[in-house]
Amino acid sequence: MGTRQPGDQTDPLTRQVQLLVRQVGHWENPRWAAGGGRRASEFHQLVQYVADLGAAAEGRPVRPVPRLRLDTALPDQLRVVAADLVRASPEPATLEPAAAAVRRLRDQL
């Protein structure tokens with residue numbers, strides 16, 4: 001198991017999440033809804049992916065992440081599930097694909 005702490009600036013997942021949240025954190029609902037809601041849907045899929053990795057790292061069952069009424073909550077949901085994953089101290093082989101998934105979404109948006 002790793003020894004990183006949640007929010008550790010050297011953690012690639014935490015860093016990628018911070019960059020993505022800075023990129024979209026100011027978006028209002030119309031911007032999330034652009035493209036038929038594709039942005040919000042893809043972001044929520046990322047949140048679910050990171051939450052699933054966190055569940056596996058903690059040895060608990062996967063549960064669906066609720067889709068909240070306002071898409072403006074998506075960055076906060078990502079921060080929470082990413083912090084949970086880092087807190088579980090998984091092997092880097094778990095954090096690296098999560099960081100790459102966040103980076104891919106950043107590039108798409």
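The values are calculated or read from the model by the stated rules, or taken from the named source; none is laboratory data. Given the structure is predicted, the values throughout are model-derived calculations rather than measurements. Cβ coordinates were reconstructed from backbone atoms using ideal geometry, including for glycine residues, and neighbour counts include every protein chain displayed.
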**OP:** Collect the residues in the stretch 25-40 that are among the aliphatic types (A, V, I, L, M) and surrounded by fewer than 17 Cβ atoms within 10 Å (Cβ to Cβ), keeping them in residue-number order.
**Re:** Ala33, Ala34
Original post:
Out of all the residues in the stretch 41-59, is one or more assigned to a loop (DSSP other than H, G, I, E, B), surrounded by fewer than 15 Cβ atoms within 10 Å (Cβ to Cβ) and of a type in the set (D, E, K, R)?
Top reply: no
**OP:** Mind listing just one residue for me: the one in the stretch 73-96 that is free of Cβ contacts under 8 Å to residues at least 24 places away in the same chain and not charged (D, E, K, R) and, of those, surrounded by the fewest Cβ atoms within 10 Å (Cβ to Cβ)?
**Re:** Ala93
Original post:
Can we say Leu70 is surrounded by fewer than 14 Cβ atoms within 10 Å (Cβ to Cβ), more than 22 Å from Asp107 (Cβ to Cβ) and either within 9 Å of the chain's Cα centre (by Cα) or not small (Gly, Ala, Ser) (or both)?
Top reply: yes
Subject >> Pair list, Cβ under 6 Å, 6 or more apart: the stretch 42-55 residue touching a residue at least 12 places away in the same chain (Cβ under 8 Å), other residue assigned to a helix (DSSP H, G or I) and among the β-branched types (Val, Ile, Thr) >> reply: Val47/Val81; Val50/Val81; Ala51/Val81; Leu53/Thr94; Gly54/Val81
**OP:** Would you mind finding the one in Val62, Val21 that is among the β-branched types (Val, Ile, Thr), at pLDDT 95 or above and either more than 11 Å from the chain's Cα centre (by Cα) or buried (at least 20 other Cβ atoms within 10 Å of the Cβ) (or both)?
**Re:** Val62
